[in-house]
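The values are calculated or read from the model by the stated rules, or taken from the named source; none is laboratory data. These numbers come from a predicted model, not from an experiment. Using ideal geometry, Cβ is built from the backbone for each residue, glycine included, and neighbour counts are taken over all protein chains shown. In case anyone asks, the SASA skips ligands and DNA or RNA and just uses the protein heavy atoms, side chains included. Shrake-Rupley method; radii C 1.70, N 1.55, O 1.52, S 1.80 Å.
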Amino acid sequence: MSRKLFFRNVRARDQLELFLVSAVTSVLAIRFYLHVAGYPQISSGDFHIAHMLWGGFFMLAGLTVSLAFIGARTLRVTAVLGGIGFGAFIDELGKFITKDNDYFFHPTIGLIYAVFIGLYLIFNFVSRTEKLSSREYQLNALAQLEEAIIHDMDPYEKRRVAKLISKADTHSPFTILLRKFLDDVETVPNDPPRRITVAIKKL
């Protein structure tokens, strides 16, 4: 009997968008800094440390965090680190598609833009959650119950988990256990609104 290898994450879109925003911000920040600083080089003698290597370091850091720790917060940190790393990596695209390693190759910006558009379309496709299976609803509900375990689940998060459980197979013993566990969870008060949010609402 074949088993499903991957199960979809209902919060995938948020993580992937965070990755994409971090990557775009990384490219823009690097280009802005290099322009202002006059395109300096971190070098010594015959060596030159390209910022692509820093990109690899940040992507490695993101992978390390995701493999060593669990939870939604970990995924957000991974998305940010991975995005920063990918942005630093893709920014040097011009060096790797030209014979003379030309960082200033004019079509590079357009190609980077096309890469990001392609990633957006791919991320939008893989993060669709219109038709999840009962098991996927159960797994997502279980994953989001981490807030209850660390005593940080607010009423909104509890309702969100309850909605996931309600879409799973009601006759499954796992669904029954998840619902029972959620019913016993005590929530914490919602975080007070920040001053800027209150000010915007008054406008």
For the range 108-203, list the helices (runs of 4 or more DSSP H) that sit wholly inside it and hold at least 1 residues that are at pLDDT below 90 and either open to solvent by less than 90 Å² (accessible area, probe 1.4 Å) or farther than 24 Å from Gly83 by Cβ (or both); which are they? 146-149, 195-202
Identify, from the list Thr64, Thr74, the residue that is in a helix (DSSP H, G or I), of a type in the set (Ser, Thr, Tyr), closer than 28 Å to Leu145 by Cβ and open to solvent by 40 Å² or more (accessible area, probe 1.4 Å). Thr64
Which residue pairs have Cβ atoms under 9 Å apart, sit 6 or more places apart or on different chains, and have a first residue in the range 109-121 that is within 16 Å of Leu28 (Cβ to Cβ) and a second that is in a helix (DSSP H, G or I) and of a type in the set (Phe, Trp, Tyr)? Leu119/Phe19; Leu119/Phe86
Residues Leu18, Leu34: which one is open to solvent by less than 80 Å² (accessible area, probe 1.4 Å) and at pLDDT 95 or above? Leu18
Against the condition open to solvent by less than 10 Å² (accessible area, probe 1.4 Å), of a type outside the set (S, T, N, Q), within 18 Å of Glu17 (Cβ to Cβ) and touching a residue at least 12 places away in the same chain (Cβ under 8 Å), how does Gly55 come out, does it pass? no
Over the range 64-91, the set of residues of a type outside the set (Val, Ile, Thr) and without any contact (Cβ under 8 Å) to a residue 60 or more places away in the chain is Ser66, Leu67, Ala68, Phe69, Arg73, Leu81, Gly85, Phe89
